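The values are calculated or read from the model by the stated rules, or taken from the named source; none is laboratory data. In this text the structure is predicted, and so the values were computed from the model without any measurement. Ideal geometry is used to build each Cβ from the backbone, glycine not excepted, and the neighbour counts take in all protein chains shown.
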Amino acid sequence: MTKKTKTGRNPTNIQHSSTFQYMIILIVLSVLNISVFVGFRNPSVPLHCSPDTLLQVVSLYLGNNGQTTLRKLLPQECSNLNEKSEVELQSSVRQFLSSCKHSDQRKTKLVDREPLITLFTTFADHFHTDAEKLSVHNNTLVNWASFKSSVNLILFSSDEYWNKVAQSFGWDVIKPLIENNGTKPPVLQDMFSLAMSRYNTKWYGYVNADILFTRDLILNLETLTQIYNTSNTRILLTGRRTNVDNLTRLDPKSDMDINQRAKQFGQLYKEDAEDFFITTSSFPWKRILPVVVGRPGYDNWLVGEARCRLNTTVIDVTRTLLAFHQTTKKGGNNEGHFHKDSDYNYNIFKKNKLIPNFLAGLTDCIVYYTYRTFCDTIEIAKRTHFGPLCDCRYKPSRRV
């Protein structure tokens, strides 16, 4: 059944109202050039009236805010413009600007004095003698603490050193049960249950300990909170990470520095690497197997399970949320495959006689995704084209 949002919008048709305006502008541009490129060309108009020329002219026209008419700006070779086309363009621009103004007004209503999310992590290994890990973990503690007015923070750790550092930055600390002589990290389901029992927020999220965010994290959550009734809608947010391996003198509190480093040195990683999972409180964590983080297999299985069996709205936020992955020489890509008990999650699947469809949990198979509009707002759209491997009914040939 399709869920209705609290604003009355249907997730299957969620589009920004200005999309129509963009279409009008494109249509008008097509009208300006149709005589040249569709075969109904005026013989007196040279073929070098190109789309590039028209785009430059329209850009100049918009830049001078209507001071000069479009027909006066057009070069002679593109001068076959009728008055109706210019009027239509003016009307579209005005409606578009009105739409952006409405979007700005919506932004001002997003501020919430109460924490919006309970965010938590665990340090997969508790050694604080490795220089790279020391820097990465410290960056994460500082970075997340910079959102403190909007988040509750929890570190699941039994390491006294890191617990003291985390508490000094305003983090809460929960000591997990020690199992397998300390080689097994906390169970994902347990961390969510403990976080929900400790804090009452609209969102709860586990994130790997080497991921940094900008304030786009809060903007995404505020926007989605407006779109959905988060109190009774099952939602799971995830996305791809951006690997960045130049971490020297990184300022973990600076959005500008993080964004610049990601742009200059970052690379979007594979669609099967999902390092964060943010859900609403109604997500059925009790139905999730006791998989552990930091070991292979749990991430794609979880997303596929949410998509295919748990009646959950899964949203890929890759395009609007930078997940800055602090990539180090020893850790980062495929790190979980080199730990002890690397087959821990696979053994859980075998014990439960489960053949996971990992491919259904790739980010490219997620139906809904966020995008940033030209008005600089975050909206949701729906993917319509998927390969057969995304099908929830697909049966993997290889058993775990």
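Worth pointing out:
Yes or no, residue by residue, for (1) under 30 Å from Asn347 (Cα atoms); (2) modelled with pLDDT under 95; (3) aliphatic (A, V, I, L, M); (4) touching a Cys at 6+ places or on another chain (Cβ under 6 Å):
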site: Asp245; (1), (2), (3), (4): no, yes, no, no
site: Arg249; (1), (2), (3), (4): no, yes, no, no
site: Arg261; (1), (2), (3), (4): no, no, no, no
site: Glu271; (1), (2), (3), (4): yes, yes, no, no
site: Thr280; (1), (2), (3), (4): yes, no, no, no
site: Val293; (1), (2), (3), (4): yes, yes, yes, no
site: Gly297; (1), (2), (3), (4): yes, yes, no, no
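- Test: residue in the stretch 192-201 that is aromatic (Phe, Trp, Tyr), assigned by TED's automatic domain parsing to the domain that holds Val292 and buried (at least 20 other Cβ atoms within 10 Å of the Cβ): yes
Per-residue answers, yes or no, for (1) among the acidic types (Asp, Glu); (2) part of a loop (DSSP other than H, G, I, E, B); (3) exposed (fewer than 15 other Cβ atoms within 10 Å of the Cβ):
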{"residue": "Asp251", "(1), (2), (3)": "yes, yes, yes"}
{"residue": "Ala262", "(1), (2), (3)": "no, no, no"}
{"residue": "Arg295", "(1), (2), (3)": "no, yes, no"}
{"residue": "Ala306", "(1), (2), (3)": "no, no, no"}
{"residue": "Ile315", "(1), (2), (3)": "no, no, no"}
{"residue": "Leu321", "(1), (2), (3)": "no, yes, no"}
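- Test for Arg249: is it without any contact (Cβ under 8 Å) to a residue 60 or more places away in the chain and of a type in the set (Lys, Arg): yes
- Boolean, Asn243 is more than 21 Å from Thr320 (Cα to Cα) and of a type in the set (S, T, N, Q): no
- When the stretch 223-234 is filtered for residues that are within 15 Å of the chain's Cα centre (by Cα) and surrounded by fewer than 22 Cβ atoms within 10 Å (Cβ to Cβ), the ones remaining, listed by number, are Thr223, Thr225.
- Residues (of a type in the set (Phe, Trp, Tyr) and either surrounded by 19 or more Cβ atoms within 10 Å (Cβ to Cβ) or touching a helix residue (DSSP H, G or I) at 6+ places or on another chain (Cβ under 9 Å) (or both)) located in the stretch 347-373: Phe349, Phe358, Tyr368, Tyr369
- Of the helices (runs of 4 or more DSSP H) entirely within the stretch 135-228, those holding at least 3 residues that are aliphatic (A, V, I, L, M) occupy 188-198, 216-227.
Condition check ((1) under 21 Å from Asn208 (Cβ atoms); (2) more than 28 Å from the chain's Cα centre (by Cα); (3) modelled with pLDDT under 85) across all residues:
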residue: Val317; (1), (2), (3): yes, no, no
residue: Leu321; (1), (2), (3): yes, no, no
residue: Phe324; (1), (2), (3): yes, no, no
residue: Asn334; (1), (2), (3): yes, no, yes
residue: His337; (1), (2), (3): yes, no, yes
residue: Ile348; (1), (2), (3): yes, yes, no
residue: Lys351; (1), (2), (3): no, yes, no
residue: Arg393; (1), (2), (3): no, no, yes
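- A single entry from Arg215, Arg240 fulfils the requirement of being surrounded by fewer than 21 Cβ atoms within 10 Å (Cβ to Cβ), in contact (Cβ under 8 Å) with a residue 60 or more places away in the chain and within 16 Å of the chain's Cα centre (by Cα): Arg215.
- Residue within the stretch 65-77 that is at pLDDT below 75 and not assigned by TED's automatic domain parsing to the domain that holds Ile218 present: yes
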